[in-house]
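Worksheet: one structure, shown below.
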Amino acid sequence: MKAKVTCPNGHRFHVDASHLGKTTRCPQEGCGIEFVLEADPDSPVAEDAGGQQAPAAQPAAAPPTMPIPMSPQVAAVDSGETRKGMALGAMVCGIIGILGCFPIGIAGLILGIVAVSRVSRKPAEYGGRGMAIAGICTGGASILLVIPMIMMASILLPSLARARELSKRAVCAANLRGIGQAMRVYANDFNEEYPPNFKTLLKSGIVTKKMFVCPSSTVDVIGVGKDLEACYAYIKGQGEWNNPSNVLVYEKADHHGGEGGNVLFCNGTVEFIKPYSRIEELARETKERMKHAKRPSTP
């Protein structure tokens, strides 16, 4: 059955009566306005297959029947389906976000907002409002969860870095303490004199290369093998008779973030001294005392 309809812009055409009450666009070129199909008050209804016409009188000049393209909204209503892809994507992204992937959660929040907006504007074409709202909720929850985590990380990371540095200082101090003990063992065998250099001490077998590596430096065991004083500086020419407060071994300046360094004294004690300029001052004082020091004569 055919029915005559008129768009809001005055263009008249015929459509199948089964489409009445549905939304479409005007097929007239240059118009395309969207409106609900309603039969004109004076519209006669004719049978498709040449049967008897309805009692309504035919107007003298009826406009020709024009094929009307079905709009996406009418097609969606006819098929009983709506487009839910974005809403589904929003929900999936929100769930992934709340499980720990924060950037995907933000995407789910944005997709959910857009999907809800489309459903509100075109409910006949788009669906999945519930899934879109779920995407908004889970995406928002992922943001709320990650904010405390970021705050905790900003508090804990400096503490962890500080604890790691203190651990490196302790290992470095243990290295110097071991070197000091090895120096004394060497001095017992060589007339109370400390070795002329680290290489001689290493050859004695009392220490290992690893003891000459400060964990706070960029030098590894291979680098120390090429230069045993890559991490620690050794003030040579001393022995058991020297002033116990003399500096024997001290760290290089680029360790521990330049905050200071460990120092091994002739009495075997190890101390972390800061700032580093104080270590340099102690080393100069030690060298100055060595100029005037005399080894006591042995009976």
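The values are calculated or read from the model by the stated rules, or taken from the named source; none is laboratory data. From a predicted model like this one, the values you see are computed outputs, not experimental measurements. Cβ: placed from backbone, ideal geometry, glycine included. Neighbour counts: every protein chain shown.
Sort through 113, 96 and tell me the only one that's under 18 Å from the mean Cα position of the chain (by Cα) and not assigned by TED's automatic domain parsing to the domain that holds residue 22. Even if it seems obvious, please write down each step before you answer.
Working: 113 fails: under 18 Å from the mean Cα position of the chain (by Cα).
After applying the criteria, what remains is 96.
When residue 89 is tested against the conditions (1) under 13 Å from residue 146 (Cβ atoms); (2) in contact with a helix residue (DSSP H, G or I) (Cβ under 6 Å, 6 or more places away or on another chain), the lone failure is (1). Inspection of segment 53-72 identifies no residue that is modelled with pLDDT under 50, closer than 20 Å to residue 130 by Cβ, of a type outside the set (Asp, Glu) and surrounded by 12 or more Cβ atoms within 10 Å (Cβ to Cβ). Only one of the numbered conditions (1) in a strand (DSSP E or B); (2) farther than 24 Å from residue 190 by Cα is violated by residue 278, and that is (1). Scanning segment 176-217 for residues that are touching a residue at least 60 places away in the same chain (Cβ under 8 Å) and more than 15 Å from residue 237 (Cα to Cα) turns up 176, 177, 179, 181.
Taking the condition within 41 Å of the chain's Cα centre (by Cα) and surrounded by fewer than 17 Cβ atoms within 10 Å (Cβ to Cβ), does residue 210 pass? Before you say what the answer is, go through the steps one by one.
Numbers: within 41 Å of the chain's Cα centre (by Cα): yes; surrounded by fewer than 17 Cβ atoms within 10 Å (Cβ to Cβ): yes.
In short, yes.
Taking residue 107 as the residue in question, decide whether it is in contact with a Gly (Cβ under 8 Å, 6 or more places away or on another chain), closer than 30 Å to residue 35 by Cβ and either in contact (Cβ under 8 Å) with a residue 40 or more places away in the chain or of a type outside the set (Asp, Glu) (or both). No.
Checking 177, 121 one by one, the residue that is of a type in the set (D, E, K, R), farther than 29 Å from residue 210 by Cα and surrounded by fewer than 18 Cβ atoms within 10 Å (Cβ to Cβ) is 121 and no other.
Suppose we filter 156, 145 for residues that are in contact (Cβ under 8 Å) with a residue 12 or more places away in the chain and hydrophobic (A, V, I, L, M, F, W, C); which single one remains? Spell out the reasoning first.
Values: 156 fails: in contact (Cβ under 8 Å) with a residue 12 or more places away in the chain.
Testing whether each residue is in contact (Cβ under 8 Å) with a residue 12 or more places away in the chain and hydrophobic (A, V, I, L, M, F, W, C) leaves just 145.
The condition (being among the charged types (D, E, K, R) and buried (at least 16 other Cβ atoms within 10 Å of the Cβ)) is satisfied by just one residue among 251, 285, 229, 281: 251.
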